[in-house]
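The values are calculated or read from the model by the stated rules, or taken from the named source; none is laboratory data. On a predicted model such as this, the values are computed, not experimentally measured, just so you know. Cβ: placed from backbone, ideal geometry, glycine included. Neighbour counts: every protein chain shown. These area figures cover heavy atoms from the full protein model, side chains too; ligands, DNA and RNA do not enter into them. Shrake-Rupley method; radii C 1.70, N 1.55, O 1.52, S 1.80 Å.
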Amino acid sequence: TAMRRFLGPLLCLLALRLPAGSGAAARGLDVTSYRERVRAMFYHAYEHYLESAFPYDELRPLTCDGQDTWGSFSLTLIDALDTLLILGNVSEFQRVVNVLQEGVDFDIDVNASVFETNIRVVGGLLSAHLLSRKAGVEVEAGWPCSGPLLRMAEEAARKLLPAFQTPTGMPYGTVNLLHGVNPGETPVTCTAGIGTFIVEFATLSHLTGDPVFENVARKALKALWKNRSDIGLVGNHIDVITAKWVAQDAGIGAGVDSYFEYLVKGAILLQDKELMSMFLEYNKAIKNYTKFDDWYLWVQMYKGTVSMPVFQSLEAYWPGLQSLIGDVDNAMRTFLNYYTVWKQFGGLPEFYNIPQGYTVDKREGYPLRPELIESAMYLYRATRDPTLLELGRDAVESIEKISKVDCGFATIKDLRDHRLDNRMESFFLAETIKYLYLLFDPDNFIHNDGSDFDVVVTPYGECVLNAGGYIFNTEAHPIDPAALHCCRKRREEQWEVEDLMREFYSWKKTKKFTFKRAPDHGEGENAKDSQDASSEKAGEKRNSKKSSHSLLSCPSQSFNSKLAVLGQVFLDNT
């Protein structure tokens with residue numbers, strides 16, 4: 001099937017371990033030297049943010065001060081937190097965790113972008129929460145199912161929930177963190193602003209046991225799917241009240257991009273066949289109507305006629321996404337097209353007119369975006385093609401030469417004359433630096449192939465964490481997919497744990513028990529929990545289900561088997 005064809009290469013990609021440095025040696029590029037230069041770039045920007053801009057959201061590098069941009073969250077600090085750990089700085093990670101707990105307040109009268117708050121704040125806090133133990137933070141009992149950063153992420157996400165209270169389930173683009181949706185708020189939201197929640201919100205639901213987050217994210221995704229055109233495309237902006245398309249340009253770039261990204265990443269994270277099927281259907285339409293000579297244009301969503309023959313820098317994530325579904329050859333061809341634009345200007349202009357081969361008026365800037373570097377990182381993991389390292393080298397050289405100033409790195413306002421703008425977006429530390437560093441650090445823990453892992457005991461059984469396969473949200477915050485299987489927090493199961501433990505300690509005095517190794521797999525997630533785990537009937541039922549898991553299913557132990565001590569379960573002989 002198509003699903004099996006795409007998932008096979010994906011699983012190989014996640015565990016790929018080619019000989020370190022093989023591609024680099026072919027071109028003589030000093031990977032270690034560039035990795036250390038990227039590290040120095042991070043600290044030049046980060047330290048000046050702390051010195052000149054904190055607690056504001058962002059650094060203004062030309063005037064050496066700060067400004068609030070997306071809601072007054074000390075955003076750069078949240079966005080940079082997991083990058084600190086990837087660079088190996090556990091002491092600063094620990095310090096920042098304490099600072100955030102003491103200083104960030106979401107109960108404020110601020111109009112915030114629902115999309116940006118989710119990907120940067122909720123995503124950043126969730127990632128940091130799941131990486132806390134690895135960073136040496138003393139985690140509380142019950143982690144990863146509880147913890148201060150998780151509670152902060154949940155609080156921030158709850159502030160966003162009023163935006164989803166629409167007739168269609170598609171959210172407003174802006175919400176007031178204190179009062180909810182303003183009465184006069186526009187109902188027009190971009191497609192990405194509707195379809196970019198499933199990674200963060202499903203993670204929250206699985207960790208906290210509250211299904212509301214995943215439910216609203218899924219409803220929004222399905223509303224977009226329901227309103228696609230007859231030729232299988234979605235537009236750029238839609239009215240969330242009426243479900244009428246306001247901007248009917250279809251493409252893979254700005255306003256749409258992360259919707260497609262989250263269908264793929266949501267499918268991988270949740271092992272969800274439906275989400276992957278939705279993306280594969282979109283992918284067919286995208287190839288049929290928007291792809292020309294390995295470029296992707298903008299077309300009218302109902303007719304398929306070209307509306308804008310431009311390449312947008314935000315589209316450069318697409319080759320990386322193609323690599324995740326195993327379509328590496330097409331990904332490399334498109335990447336090489338985009339790389340020619342980089343080499344022409346020393347960066348990617350926001351818009352590039354493909355027929356004319358030049359920038360578009362008023363879209364000549366490069367705000368240090370990560371997307372092409374992101375794709376290079378994914379593709380290098382898949383191919384070890386040294387061309388991908390050369391893009392990383394060129395990015396380091398360009399950014400340092402053009403963008404570096406005394407107080408950080410400044411947005412490039414115009415790639416033609418290298419004029420700068422007084423802004424350093426938080427994604428520079430969250431994404432651009434992170435992907436560059438990971439490109440040049442093949443042995444980073446993020447690239448783990450499963451040979452190293454941690455076993456954590458929770459009230460719901462043992463779980464394996466930090467084994468690799470991290471899913472990056474669209475702000476490059478890594479989520480450990482294994483963590484979603486650690487916290488079976490449905491209330492009735494929590495009660496059953498307590499009841500069974502009480503029974504065990506009372507029976508221990510009067511009953512005899514034998515020990516048996518826990519089976520590798522039991523019944524599926526949705527099977528009814530049985531209190532009579534030793535009955536022959538229940539055993540037959542479990543055996544009959546062992547071979548019935550779907551392609552995307554992650555088999556899990558039965559509930560009673562999860563009530564384990566040192567990997568063993570107690571069976572009543574009587």
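Things worth noting here:
- Any hit, the range 70-86, residues being outside any loop (DSSP other than H, G, I, E, B), touching a Leu at 6+ places or on another chain (Cβ under 8 Å) and without any contact (Cβ under 8 Å) to a residue 24 or more places away in the chain: no
- Selection status of Lys284, more than 26 Å from Leu439 (Cβ to Cβ) and under 25 Å from the mean Cα position of the chain (by Cα): yes
- Pairing each residue of the range 196-209 that is open to solvent by 10 Å² or more (accessible area, probe 1.4 Å) with any residue that is modelled with pLDDT under 95 and not aliphatic (A, V, I, L, M), provided the two are 6+ apart or on different chains, yields C-beta distances under 7 Å for His206/Cys487; Thr208/Lys489; Gly209/Cys487; Gly209/Lys489; Gly209/Arg490.
- Number of the exception - Asn227 against (1) within 28 Å of Pro370 (Cα to Cα); (2) open to solvent by 30 Å² or more (accessible area, probe 1.4 Å): (1)
- Any hit, the range 41-51, residues being of a type outside the set (Phe, Trp, Tyr), open to solvent by less than 10 Å² (accessible area, probe 1.4 Å) and assigned to a loop (DSSP other than H, G, I, E, B): no
- Applying the condition of being touching a strand residue (DSSP E or B) at 6+ places or on another chain (Cβ under 9 Å), open to solvent by 50 Å² or more (accessible area, probe 1.4 Å) and not hydroxyl-bearing (Ser, Thr, Tyr) to the range 288-312 and asking which residue is nearest to Ile231 (Cα to Cα) yields Val306.
- Test: Tyr317 is within 19 Å of the chain's Cα centre (by Cα) and not β-branched (Val, Ile, Thr): yes
- The condition (being closer than 22 Å to Asn466 by Cβ, part of a helix (DSSP H, G or I) and without any contact (Cβ under 8 Å) to a residue 40 or more places away in the chain) is satisfied by just one residue among Val122, Val96, Val139: Val96.
- Test: Thr340 is modelled with pLDDT of 95 or more, open to solvent by 20 Å² or more (accessible area, probe 1.4 Å), assigned to a helix (DSSP H, G or I) and of a type outside the set (D, E, K, R): yes
Table: residues versus (1) over 20 Å from the mean Cα position of the chain (by Cα); (2) under 24 Å from Leu438 (Cα atoms); (3) of a type in the set (S, T, N, Q); (4) open to solvent by less than 10 Å² (accessible area, probe 1.4 Å).
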| residue | (1), (2), (3), (4) |
| --- | --- |
| Asn89 | yes, yes, yes, no |
| Gln94 | yes, yes, yes, no |
| Leu100 | yes, no, no, yes |
| Asn118 | no, yes, yes, yes |
| Val121 | no, yes, no, yes |
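- Tally, over the range 247-284, of residues that are out of contact with any Ser or Thr (no Cβ under 9 Å at 6 or more places or on another chain) and of a type in the set (Val, Ile, Thr): 2
- Of all residues in the range 101-119 being assigned to a helix (DSSP H, G or I) and among the hydrophobic types (A, V, I, L, M, F, W, C), the one that is farthest from Ser426 (Cα to Cα): Val114
Let's see how each residue does on (1) within 24 Å of the chain's Cα centre (by Cα); (2) within 27 Å of Thr340 (Cα to Cα):
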| residue | (1), (2) |
| --- | --- |
| Lys222 | yes, no |
| Leu233 | yes, no |
| Ile241 | no, no |
| Trp245 | no, no |
| Leu263 | yes, no |
| Ile325 | yes, yes |
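- In this structure, Leu204 does not satisfy being aliphatic (A, V, I, L, M) and farther than 24 Å from Met278 by Cα.
- Qualifying positions in the range 245-259 - hydrophobic (A, V, I, L, M, F, W, C) and under 16 Å from Tyr289 (Cα atoms): Ala250, Ile252, Val256
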